[in-house]
Every structure is written in C-alpha cells, then in structure tokens.
Amino acid sequence: MKLILKNDLSSSELYTIEDLERWPKDGTSLAVLGHPVKHSLSPTMHNAALEELSQSDPSFSDWTYYKFDVSPDNLNSAINQFHEKGFRGLNLTVPHKILAAQWVNIGESEVELTEACNTLLWTPDGYTGYNTDLYGMTSAIENEFEIRLQDRDVILLGAGGAARAAAIACAQAGVQSLTLANRTIAKLDSIKGVLNKLSERPTVNTCKLDQPLPNISDKLLVINATSLGLKPEDPTPAKLRNLPASTLVFDMIYNPARTALLKEAETLGMQVANGLGMLAYQGERSLSIWTQKNPSAKTMFDAARAGLSPT
Ligand code: NAP
C-alpha cells in the first residue's frame, strides 16, 4: 500500500479512517473527529496558533491539525488506529464527546462529572481524556464581559451535554445561584444529580423554558446551551423582556453570530456575547495540553472568526 506523502496532506481536506492506513509517519499530527465535521473551524484555529508557536520554537513547524469524519459506530476502533499512528492529540466534537469518555483514561475530574471529553492526549498506555469546554466557557464569559462568574446569578437554558458542562463550570466557579431552565423539565434531574455530587454547590432552582425567566437579581447572566438558534430562522429559546437591562446574555452558538436571543437582548440594552470565544478558549486549553506551551487564545479567536462565512 502506498503511503500518503506528508507534502500531499492538506489541513483543509476532510479525511476518513481509510486515509489513516496510508498516513505518513513524519511530522506530528493532531485532529478533530466528528460526524459531520466538514465545517469545523478547529483546523483553521489550531494551525494558526501552531504557526505562531513555531516562530518562537521551530520544533512546532512540523505539527499540523487535520479533520476526520468518523461515524459513531467506528469511533472506538478509530481511536485505537489514531493511537497506533501516533496522533499526539485529538479533539472530539458532535456526537462523540460522551461515547469517547468510556474508552479513554480519565485525565481530570471534569471528565467524570460531565461523562464527556473533548480532548485526548497520546500516552504510551492509550489516550488520556480531558474536557476543556468548562474552561472554555468560563474564560470566554469572564474575559468578554470582564466579570467574575462567582459574582453572578446564572440562568442556564438547556439540559444537554453543553448545559451539563456549563452547570458544573458555574458550580465550580462558585456562582451566587443557578437556575436551570429547559423545555423538558425531567431532563434537568441528571444535571441536578451531578451537582449534588459536588462538595460546594450553589442554590439550584428550576423553571420551564416557556415561562418568564425569574427576575431575581440585577447581576443576572443568562447562558444559552440549547441548540435553538443554530438555524437562522429559529425563535429565541426564552423571553428576556422581564429581566433588567443589566443582564448579560451569553449564547454558546457562534454560527449564526447573532441568534434571535442575542438580537432580543441587544434590543433590551443588554450586553451579549456569542460562543466563538468559548470555541477559542477550549481550543487554547487543548493545544496547551498537547504542546505544554501557552498558545494565544486571541490568535485562535481571530482565525476562527475569519474562517466563518458571513451569515
Ligand atoms: P444537546 O445535548 O442535543 O441538547 C440540546 C438542548 O437544546 C436540550 O436542552 C434541548 O431541550 C434543547 N432544544 C433543542 N431544540 C429545542 C427547541 N426547539 N425548543 C427548546 N429547546 C430545544 O446539545 P449540546 O451538545 O448540549 O449543545 C447545545 C448547544 O451548545 C449547541 O447549539 C452547540 O452548538 C452549542 N455548543 C457550543 C460550544 C462552543 O464551543 N461554543 C461547545 C459545545 C456546545 P430538550 O431537553 O427539551 O430536548
């Protein structure tokens, strides 16, 4: 079988596990695995940061980040093949974060709490898993709004994987209070269950997404971790009208850049931020795990923003 030559590879190409069999041994490879993953901004973001790192340390000049479409059925064997091929690090995106957490060594308590991991580091014994989404969300919120999460009363919309990670990050940051809101109230039980395992946790309340959000403080932070807003025509997941104008609104969605929720918040005079910062900060943490360096979140943010097509 003929090997692919390193020079024939392209970080913008979409690869599959069939390509792995012919993968060249030279250079250090990183990759994101998803399904679908065609539009992932991760290669653009990571390769920009790697290029910057290589200017001060030439040993990074042969590091490249690729994207691979891997179906959930093939994920377990794919992870083994990436390990055999010596891929230094992998990112996992939709729908692999929860599946992968059962097959890797646990690198930090966040993986156990969220039962999900988005970052794998190669070790001789297999991959070790991390979840950098928590750091990504906290850093994005604190830096973009210039606040400390611990000073805020948080209303968290959603009960899926992203909401679970966000709830744990809020609890770890020591927020004043946490209100969980979801369309399907029963799905909040699993988040309440994981919060109960934490030694320090905020007061937790729940409410239904279609009811008015509780106006409980003038230091509110609303976090959207539902997928409502991914389609440009999606309505807002919750009404903000009865909340004070001092409310901050963070939407994990970054494409489209302005969801109906963020548009409504802006109309009401509220400060807003979308999820692009979260993407960049989780990427920065992943890359620092692989390189043991301090890559620039700003470089990653700028590259990701440039990679987004206008919507
Ligand atoms: P998920 O597990 O599929 O959860 C989806 C959530 O959205 C559930 O709470 C679901 O409510 C709710 N939802 C879906 N359709 C709805 C509708 N029509 N009306 C009301 N609620 C609805 O998804 P996830 O992995 O947690 O991801 C959630 C969002 O976060 C996605 O938009 C994703 O792109 C984003 N995200 C961003 C980053 C980043 O780096 N910026 C990272 C991770 C995730 P039910 O429980 O009632 O079904």
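Test SER286 against the criterion of being within 16 Å of TYR135 (Cβ to Cβ) and open to solvent by less than 10 Å² (accessible area, probe 1.4 Å), and give yes or no. Walk me through how you get there before you give the answer.
Working: within 16 Å of TYR135 (Cβ to Cβ): yes; open to solvent by less than 10 Å² (accessible area, probe 1.4 Å): yes.
Yes: the conditions hold for SER286.
Every listed requirement among (1) within 23 Å of LEU33 (Cβ to Cβ); (2) open to solvent by 20 Å² or more (accessible area, probe 1.4 Å); (3) more than 11 Å from the ligand (Cβ to nearest atom); (4) in contact (Cβ under 8 Å) with a residue 24 or more places away in the chain is met by TYR281 save one, (3). Residues in the range 111-121 that are of a type in the set (Ser, Thr, Tyr) and either out of contact with any Asp or Glu (no Cβ under 8 Å at 6 or more places or on another chain) or open to solvent by 20 Å² or more (accessible area, probe 1.4 Å) (or both): THR119 only. Screening SER227 with (1) of a type outside the set (Phe, Trp, Tyr); (2) over 22 Å from ALA165 (Cα atoms); (3) surrounded by fewer than 16 Cβ atoms within 10 Å (Cβ to Cβ); (4) within 16 Å of the ligand (Cβ to nearest atom) gives one miss only, at (2). Within the range 144-162, one or more residues are open to solvent by less than 30 Å² (accessible area, probe 1.4 Å), within 11 Å of the ligand (Cβ to nearest atom) and outside any strand (DSSP E or B). In the range 114-124, the count of residues that are of a type outside the set (Lys, Arg), in a helix (DSSP H, G or I) and either in the same structural domain as ARG88 (by TED's automatic domain parsing) or over 16 Å from TRP290 (Cα atoms) (or both) is one or more. Of the numbered criteria (1) within 11 Å of the ligand (Cβ to nearest atom); (2) surrounded by fewer than 24 Cβ atoms within 10 Å (Cβ to Cβ), the one GLU108 fails is (1).
The number of residues in the range 238-271 being open to solvent by 40 Å² or more (accessible area, probe 1.4 Å) and not in a loop (DSSP other than H, G, I, E, B) comes to 4.
The values are calculated or read from the model by the stated rules, or taken from the named source; none is laboratory data. Please read all numbers here as calculations on a predicted model, not as lab measurements. Quick reminder, even Gly has a Cβ in these numbers, built from the backbone with ideal geometry, and neighbours come from all protein chains shown. Heavy atoms of the whole protein, side chains included, go into the accessibility calculation; ligands, DNA and RNA do not. Shrake-Rupley method; radii C 1.70, N 1.55, O 1.52, S 1.80 Å.
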